[in-house]
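The values are calculated or read from the model by the stated rules, or taken from the named source; none is laboratory data. The structure presented is a predicted model; accordingly, all values stated were derived computationally and were not measured. Virtual Cβ from ideal backbone geometry, glycine too; neighbours counted across all protein chains shown. SASA here: full protein model, heavy atoms, side chains in, ligands and nucleic acids out. Shrake-Rupley method; radii C 1.70, N 1.55, O 1.52, S 1.80 Å.
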Amino acid sequence: MDKNLLKAEIVQKGFTIGQVAVAIGVNEAALYSRLSKSSKKPFTLELASKLSTYLGLSPNRAYEIFLKEESK
């Protein structure tokens, strides 16, 4: 998963991580934690799906973010 791409999508859409967390019904602190560099906890398919839908990601963009290795 490329957390940097996901954070970039959130910012490009004009949202904060907190706003996204509330909108998709997850704990704000938990989402911040999962997006941290040190977190090894994977995103669930359900969470990835909710994020993709809320952010209006195309299938290709969702693949780039959630299924490819993180860019260095």
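The table below gives the values:
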| item | result |
| --- | --- |
| Among (1) acidic (Asp, Glu); (2) open to solvent by 50 Å² or more (accessible area, probe 1.4 Å); (3) at pLDDT 95 or above - the single one Glu69 does not satisfy | (3) |
| Leading residue by the ranking (most open to solvent (accessible area, probe 1.4 Å)) among those in the range 11-34 that are of a type in the set (S, T, N, Q) and closer than 16 Å to Ser52 by Cα | Gln12 |
| Filtered residue count, the range 40-63, keeping only those that are open to solvent by 40 Å² or more (accessible area, probe 1.4 Å) and closer than 20 Å to Gly14 by Cα | 7 |
| Count - residues of the range 20-39 that are under 14 Å from Glu9 (Cβ atoms) and either of a type in the set (Asp, Glu) or modelled with pLDDT under 95 (or both) | 2 |
| Among (1) open to solvent by less than 100 Å² (accessible area, probe 1.4 Å); (2) assigned to a loop (DSSP other than H, G, I, E, B) - the single one Lys37 does not satisfy | (1) |
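Residue by residue, here is whether (1) assigned to a helix (DSSP H, G or I); (2) within 12 Å of the chain's Cα centre (by Cα) holds:
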| position | (1), (2) |
| --- | --- |
| Met1 | no, yes |
| Asn4 | yes, yes |
| Gly18 | yes, yes |
| Ala29 | yes, no |
| Leu47 | yes, yes |
| Asn60 | yes, no |
| Glu64 | yes, yes |
